[in-house]
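Working notes for the structure below.
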Amino acid sequence: MALDEKTASAEELWDYYMGKYRNQNPIARRLTRGFFDSVEKLVRELPTDYRILEVGCGPGESTRRIVDMLQGQYFEASEFEQRLIDMHEKFGFPVPLSQESVYEMHREDDEFDCVLLLEVLEHLEGYEAALREIFRVASKTVIISVPNEPLWRCLNFARGKYWSDWGNTPGHINHWSRTSLIQLLARHGNIVSVQNPIPWTIVMVEVPSEGTHD
């Protein structure tokens, strides 16, 4: 039976989001490792004096891994879902954490040098509004990842998942190929690097100089 995210307890929601990281399948683990290897390649390029914010950190697995990639940079995270924040407060969290919406962040313009949005954009109905807000808060760099479509759905279909939805993962309402994601983000800044760990696309974008934000 599928989880009802609206009525799930904090513990149920936590276990649901952590499921993919606890998957013991060797192929799944290899793919996840490839994803974070690509994230690390980009994070390692950031200057050591950067202030970094991860938006939509979810159960915090990405945050914890990014902490180990840092070379002295200041790092914060935020999440909209209060139930997940409650779980972080219960178990502890490695960086400052706040509750906020990606559509209306309580941040100053250009407050962080780099903003990361990992595995979030595909879930957002108002993704254009979210991008405007992300690029408002970031002064130099934005790093965004999404599933690489249609490869993502093809792999789900091949492993017998979500057949009635043609392989679409529940909650994924937006779908981008490598090319279409680059085209989308190029409207907001200059594409610096594109990583393609199967089955994701990760793009690093240089934020336009002050006064030229989209």
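The values are calculated or read from the model by the stated rules, or taken from the named source; none is laboratory data. This structure is a prediction, so every number in the text was calculated from the model and none was measured. Neighbour counts are summed over all protein chains in view; Cβ atoms, including those assigned to glycine, are modelled from backbone coordinates with ideal geometry.
Some notes on this structure:
- Within region 25-55, considering residues that are in a helix (DSSP H, G or I) and acidic (D, E), the one farthest from E133 (Cα to Cα): D37
- Given (1) closer than 23 Å to Q99 by Cα; (2) β-branched (V, I, T); (3) surrounded by 14 or more Cβ atoms within 10 Å (Cβ to Cβ), number of the condition T7 does not satisfy: (3)
- The test for being farther than 17 Å from E79 by Cα and touching a helix residue (DSSP H, G or I) at 6+ places or on another chain (Cβ under 7 Å) holds for Y21.
- Region 54-105: number of residues that are within 23 Å of T141 (Cα to Cα) and aromatic (F, W, Y): 4
- Residue in region 89-133 that is nearest to G58 (Cα to Cα), counting only those that are of a type in the set (A, V, I, L, M, F, W, C) and in a loop (DSSP other than H, G, I, E, B): V120
- Tabulated pairs, region 171-184, first touching a residue at least 12 places away in the same chain (Cβ under 8 Å), second basic (K, R) and crowded, with 16+ Cβ neighbours inside 10 Å, C-beta under 9 angstrom, 6+ apart or interchain: H172/R153; H175/R153
- Selected residue (criterion: modelled with the highest pLDDT) from residues of region 134-164 that are loosely packed, with under 15 Cβ neighbours inside 10 Å and not in a loop (DSSP other than H, G, I, E, B): C154
- All positions within region 62-79 that are within 19 Å of H106 (Cβ to Cβ) and crowded, with 17+ Cβ neighbours inside 10 Å: T63, F75, E76, A77, S78, E79
- When region 10-36 is filtered for residues that are surrounded by 14 or more Cβ atoms within 10 Å (Cβ to Cβ), among the charged types (D, E, K, R) and modelled with pLDDT under 85, only K20 remains.
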